[in-house]
Every structure is written in structure tokens, then in C-alpha cells.
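Down below is the structure, laid out as C-alpha cells.
Please treat every number below as a calculation from the coordinates, not as lab data. Computed from a predicted model, the values in this text were never measured in an experiment. Cβ sites come from the backbone with ideal geometry, for glycine too, and all protein chains shown count toward neighbours.
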Amino acid sequence: MQAYSDPSKEHDEHSLPDLEIFYADDLVDYDGELFAPGYFHWVCFPACLPNDYPIGPFDTAEEALADARELYNGD
């Protein structure tokens, strides 16, 4: 799911979502180790590669979104 780090931009026709929230059970970290299954988030504009490694796992997509907004928007 794509989302906005700043929810106030959701209705701005000139703004794009800047977060991606997703479920994965087979992600490998930069050391080659498997992440635990769950929901993750990262900064990612539509049709672009993510800017960093995924952050997570979280039990729900809502928890991942709340963490991303706090991390990137300070809410």
C-alpha cells in the first residue's frame, strides 16, 4: 500500500505518496539474514526504487504506517 508520510497531503493533487507499506515473509537483510515475517515500510515514490532498507517487521500495516509517519514526519 502506498501512503503519505504527511497525511495532510493526501488530498493535494500535486503530491505523490512517499511511503510504501508491505507484507513480506522472505526479506533478506544486508547481512544475508532473513527478517521475521511481518509488515514493513520504506520511503518510496510511485514507480521508483526505495531509498533505503525496509524497517520492520510490525504485526499490522497500521502499526507500520504509524511508525513511518512518526519517523519521517515527527507525528
Checklist entry - Given only helices, namely DSSP H runs of n ≥ 4 each adding -39500 (n - 2.57), what is the per-residue ellipticity at 222 nm of the chain, to the nearest 500 deg cm²/dmol? => result -5500 deg cm²/dmol
Checklist outcome for this item: Checking the chain for GluC sites (Glu not before Pro) in a loop per DSSP with at most 13 other beta-carbon atoms within 10 Å yields GLU10, GLU13, GLU33
Next on the checklist: Could you tell me the calculated FRET efficiency between PHE35 and GLU70, based on Cβ-Cβ distance and R0 = 22 angstrom, to the nearest 0.05?
Outcome noted: 0.65
Checklist entry - Restricting attention to the range 14-75, which chymotrypsin sites (Phe, Trp or Tyr not before Pro) occupy a DSSP loop and are surrounded by at most 14 other Cβ atoms within 10 Å? => result TYR30
Checklist entry - For the chain, what is the relative contact order in percent, using Cα pairs closer than 8 Å and at least 6 residues apart in sequence? => result 28
Item to check | Kirkwood Rh in Å, taken over the chain so that all alpha-carbon pairs contribute | outcome: 12.7
Item to check | Fluctuation leader among ASP18, ASP31, ASP52 - the chain, Gaussian network, Cα springs under 10 angstrom | outcome: ASP31
Item to check | Student exercise, the range 2-73 dipole from Lys, Arg, Asp, Glu Cβ charges, in Debye to nearest 20 | outcome: 180
Checklist entry - Roughly how tilted is helix 61-73, in degrees to the nearest 10 and between 0 and 90, from the longest Cα axis of the chain? => result 60
